[in-house]
Amino acid sequence: MPARSRLLGLAGAGLLALSAAGCFQPMYAETTPGEGSVLQRSFNDIEVIFVAGRVGDEVRNDLIFALTGGAGNPAGAPYRLILDVRSTTSEASVVSPLTGLPEVEIVSVDVKWQLFEAGNTKTPLRAGNATGKASLDSGYQRFARNRAIRDAENRSASVAAQTIKSQLASYFLTAGSRPTGPGAAAPVTTAPKS
């Protein structure tokens, strides 16, 4: 009798799992064969505006690749993404007992971004913040340390770009469709402060 009730319980759990299986869809799933998902088409409609500085350019390039999959930055797209990138390097609290110098440094790339409709750069559709952090071992050789900082900035830029992509995906999935004409913007929302 216990084996039969266990078997019925497993069968019930299986039926419940099958009935709920159709309720979930992966965020980046294609809806029809041969076409990109609605989310991917929205990503392809974002032009990422030029950012000054090496780290800003790194964030921009990583973001363009993340959004388009390597297809390049679309010119004349319905959306424009403006980035404000800041990079800082700080010493961690790990100090060498022999030299008294810091052994670890933290590189942080902070990005404030705003998404605009192409003809309207006064009222953002969405704004947010993204941060990428990477650590590096402090070296006492100047050129090796400079290269390590540059590599850490590149890793931080990549993390920030992926965070922005996720935030944009959240916006497009919740706000819905693309603008259909001038003045057809979605309501302004801002990202929560973290």
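A short reminder: the numbers here are calculations on the coordinates, not readings from a lab. All of these numbers come straight from a predicted model, not from anything done at the bench. For neighbour counting, all protein chains shown are included, and Cβ atoms are generated from backbone atoms with ideal geometry for every residue, glycine included.
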| remark: So for R0 = 41 Å, FRET eff. of ALA77-ASP151 from the Cβ-Cβ r, to 0.05, ends up at 0.85
| field | Antiparallel DSSP beta bridges within the stretch 35-179, percent to nearest 5 | value | 90 percent
| task | Determine, for VAL85, VAL59, the number of other Cβ atoms within 10 Å of each Cβ, and report the residues in order from fewest to most. | result | VAL85, VAL59
| task | Tell me the label-point distance for the pair ARG6, ALA175, using the 7 Å Cα-to-Cβ offset, in nm and rounded to one decimal. | result | 5.4 nm
| request: Sticking with the crude label model, points 7 Å out along Cα→Cβ, report the distance from ALA20 to ASN61 in nm, one decimal please. | output: 4.5 nm
| request: Set the Förster distance to 35 Å, then compute FRET efficiency between ALA118 and SER93 from the Cβ-Cβ distance, nearest 0.05. | output: 0.15
| note | With bins of 5 Å, the percent of all Cα-Cα pairs of the stretch 35-179 per bin from 0 is 2, 10, 18, 19, 16, 11, 8, 6, 5, 3, 2, 0, 0
